[in-house]
Every structure is written in structure tokens, then in C-alpha cells.
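Encoded as C-alpha cells, the structure appears first; notes follow it.
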Amino acid sequence: MPLQCQQSPVLAGSVALAALGAMLVYLGEPSGYGKYTGSPMPTASSLPARAAWFLQELPSFVVPAGILVGQPRALFGPPETVLLGLFCAHYFHRTFVYSFLTRGRPFPVLLLFKGFVFCMGNGLLQGYCLTYCAEYPAEWYTDIRFSLGIFLFILGMGINIHSDYILRRLRKPGEIIYKIPQGGLFAYVSGANFLGEIIEWIGFALASWSLPALAFAFFSFCFLGLRAFHHHRFYLKSFEDYPKSRKALIPFIF
């Protein structure tokens with residue numbers, strides 16, 4: 001017997017996701033990894049960046065991919081399977097590509113655990129909603145919300161991947177120093193990689209037109225926007241020649 005949609009946990013998960021994003025902005029503190037770790041060298045309470053990112057992002061791919069594989073519908077059939085496939089594609093890249101290319105600092109185990117739980121919960125929420133709750137009309141593929149959302153998703157993912165590439169090229173293997181990123185949207189903002197991912201999830205929320213996707217887009221804006229703000233302050237304090245016209249997250253505005 002197929003599972004039936006339970007709206008209460010979907011609503012509760014969405015509210016919790018949005019509330020978590022708002023709380024992070026209210027507290028205003030950067031998450032303690034990367035630039036904000038105490039030591040650039042591995043300790044007993046941290047893992048190498050590549051292993052940590054792989055483990056943290058893994059449930060965001062495995063959980064929705066498991067739900068997707070268990071469905072009898074074709075991947076390129078109903079809109080909900082296409083949307084869930086795009087979600088999985090993002091986290092396939094984060095898990096199996098980004099994590100093995102990153103040259104970041106050691107990652108605190110406690111933050112890794114929190115990130116793992118978050119990724120598992122969000123992957124379950126998005127996968128469950130799209131698979132068992134979402135209902136789209138036959139003409140959804142031609143709806144402007146779907147078309148524009150998919151465009152933004154692909155655009156944002158491209159910006160995110162290109163910006164991560166620029167950041168990786170700033171360091172040689174083994175280096176832990178920081179340099180001023182140049183090129184791409186880094187000409188306009190300090191958090192080009194974060195801006196790309198925010199655009200991605202706004203597009204996903206628009207294309208899926210679901211409460212969990214909207215809540216995740218809001219959380220991403222709060223979490224990544226705050227991180228971009230702190231990165232911008234870090235660059236301004238660390239480099240006297242840092243471009244004064246460059247903004248934190250939104251070109252020419254913020």
C-alpha cells in the first residue's frame with residue numbers, strides 16, 4: 001500500500017527550517033568552520049575537510065535518492081521526480097565532487113554531526129514532500145514558475161561551481177593562507193559562491209512551488225547570507241587593498 005501524504009510533519013519541518021534560519025540571523029555569529037576555526041591544523045576534535053564535507057553532505061544525496069529510486073515513475077516523467085532529481089544532482093556534486101576537491105581547513109566534529117543531522121532531515125523533508133504530497137497539473141512543465149525556477153536553479157548552480165573553482169585556485173595544495181578572490185561574480189561580491197547557491201534554491205522553490213522548498217530557500221538565504229557578511233568583514237580587515245566597491249552578497253546593494 002503506497003504511503004499517504006501527512007501534512008502535519010511537512011508543515012512542522014518547514015516551520016522548523018525557517019525558524020532555524022531566522023535564529024541564525026538573530027544570533028549573528030558565523031558557523032565555526034573554515035576561516036572561523038581556531039586552528040588550521042587537524043586536532044582530536046576535527047576531521048580533514050574532504051572527509052568532513054563528504055560525510056556531512058552524504059545524507060542530502062542518499063536519503064532523497066533512495067526515495068526517488070523506490071518510485072515506479074520514470075525520472076523524466078512527472079514534475080516531482082524531475083525536481084527531486086535536480087535536488088539529488090546538486091548534492092551528488094557536493095558529496096562526490098566538491099568534497100574531494102576542497103582545500104579547506106579541518107572541520108570540527110561537533111559541527112559535522114549537526115550538519116549531518118540537518119542534511120538528513122532536510123533531504124527527508126524535501127524528498128517526502130515531492131514524492132508523496134506534491135501534485136502538479138499536466139501543464140506544469142510549461143508554467144512560468146517551473147521554467148523560470150529551473151533556469152535560476154541551473155544558473156545558480158553554475159555560479160556556485162565556478163566560484164568554488166576560483167576559490168580553489170587561490171591556494172596550492174597544502175596552503176592555508178587566504179587571498180583576495182578575483183574573477184566571475186567575485187568582481188562584485190565577496191560571497192559569489194554563496195550567492196550562486198541562494199539563487200539555486202530560490203529557483204528550486206519557485207519550480208517546485210512547495211512550502212518545504214520555500215523554507216529551505218529562506219534558510220539558505222539566512223545561513224549563507226550571514227556567512228557572506230562575515231567573509232566580507234574578514235576580507236576588509238585582512239587586506240588593505242581589498243576592493244571597496246565590492247559588496248558582501250548582492251551586487252551594488254549589500
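The values are calculated or read from the model by the stated rules, or taken from the named source; none is laboratory data. Keep in mind the model is a prediction, meaning the values are calculated, not measured. We place every Cβ from the backbone using ideal geometry, glycine too, and count neighbours over all the protein chains shown. Ligands, DNA and RNA are stripped out before the accessible areas are found, and what is left, the full protein with its side chains, is counted by its heavy atoms. Shrake-Rupley method; radii C 1.70, N 1.55, O 1.52, S 1.80 Å.
In terms of solvent-accessible area of protein heavy atoms at a 1.4 angstrom probe, what is the ranking of 197, 135, highest value first?
135, 197
Give me the one-decimal nm value for the distance between modelled label points at residue 182 and residue 22, 7 Å along each residue's Cα-to-Cβ direction.
4.4 nm
Pick from 173, 106, 30 the residue whose mean-square fluctuation is largest in a GNM of the chain, springs joining Cα atoms under 10 Å.
Maximum fluctuation in the GNM of the chain, among the listed residues, is at 173.
Whole Å is fine, so just give me how far the alpha carbon centre of the range 150-170 lies from that of the range 46-117.
If you average the Cα positions of each part, the centres end up 17 Å apart.
Could you give the accessible area per residue of the chain, probe 1.4 Å, as a whole number in Å²?
In whole numbers, the chain has 51 Å² accessible per residue.
With +1 on each Lys and Arg Cβ and -1 on each Asp and Glu Cβ, and nothing else charged, work out how big the dipole of the range 126-207 is about its Cα centre, in Debye to the nearest 20.
600 debye
Along the charge dipole of the chain, which of 193, 5, 106 sits closest to the positive end, that is, farthest toward it, with unit charges on the beta carbon of Lys, Arg, Asp and Glu (+1, +1, -1, -1)?
Looking along the dipole axis, the top candidate is 106.
When the helix-only estimate is applied to the chain (DSSP H runs of n ≥ 4, each -39,500 (n - 2.57), divided by the residue count), what is the mean residue ellipticity at 222 nm, nearest 500 deg cm²/dmol?
Only helices count here, giving -20000 deg cm²/dmol.
Please give the charge dipole size of the chain, origin at the Cα centre, charges +1 on K and R Cβ atoms and -1 on D and E Cβ atoms. Round to the nearest 20 debye.
Charge dipole, the chain, about its Cα centre: 1020 debye, nearest 20.
Could you grab the relative contact order for the chain? Cα pairs under 8 Å, six or more apart, rounded to a whole percent.
Computed value for the chain: 25 percent relative contact order.
What does the convex hull of the alpha-carbon atoms of the range 146-254 project to on average, in nm²?
7.1 nm²
Largest first, how would 92, 223 line up by accessible area (1.4 Å probe)?
I get 92, 223, largest accessible area first.
Computed over the Cα atoms, what is the radius of gyration of the chain divided by 2.2 N^0.38 Å, N being its residue count?
1.03
First compute the accessible area of the range 168-254 with a 1.4 Å probe, then give the percent of it belonging to carbon and sulfur atoms.
Percent of accessible area from carbon and sulfur atoms in the range 168-254: 66.
At 0.36 nm per residue, minus the direct Cα-Cα distance, what do residue 175 and residue 252 gain on full extension? Give it in nm, one decimal, please.
This chain segment gains 24.5 nm when fully extended.
State, as an integer percentage, the relative contact order of the range 128-254 based on alpha-carbon contacts under 8 Å between residues 6 or more apart.
Dividing the mean separation by the residue count of the range 128-254 yields 29 percent.
Efficiency by 1/(1 + (r/R0)^6): what FRET value for residue 92 and residue 5, r their Cβ-Cβ distance, R0 = 30 Å, to the nearest 0.05?
Calculated value: 0.70.
Keeping all protein chains in the complex and leaving out DNA, RNA and ligands, what accessible area do you get for residue 168 with a 1.4 Å probe, in Å² to the nearest 10?
The accessible area of residue 168 comes to roughly 60 Å².
Name the residue farthest towards the positive end of the dipole of the chain from the options 156, 129, 229, assuming +1 on Cβ of Lys and Arg, -1 on Cβ of Asp and Glu, about the Cα centre.
229
When you count, for each residue, the other Cβ atoms within 10 Å and take the mean per peptide, how do 228-237, 109-118, 136-145 rank with the highest first?
Sorting 228-237, 109-118, 136-145 by mean packing, highest first, produces 228-237, 109-118, 136-145.
With every protein chain present, what accessible area does residue 8 have (1.4 Å probe, heavy atoms only), rounded to the nearest 10 Å²?
90 Å²
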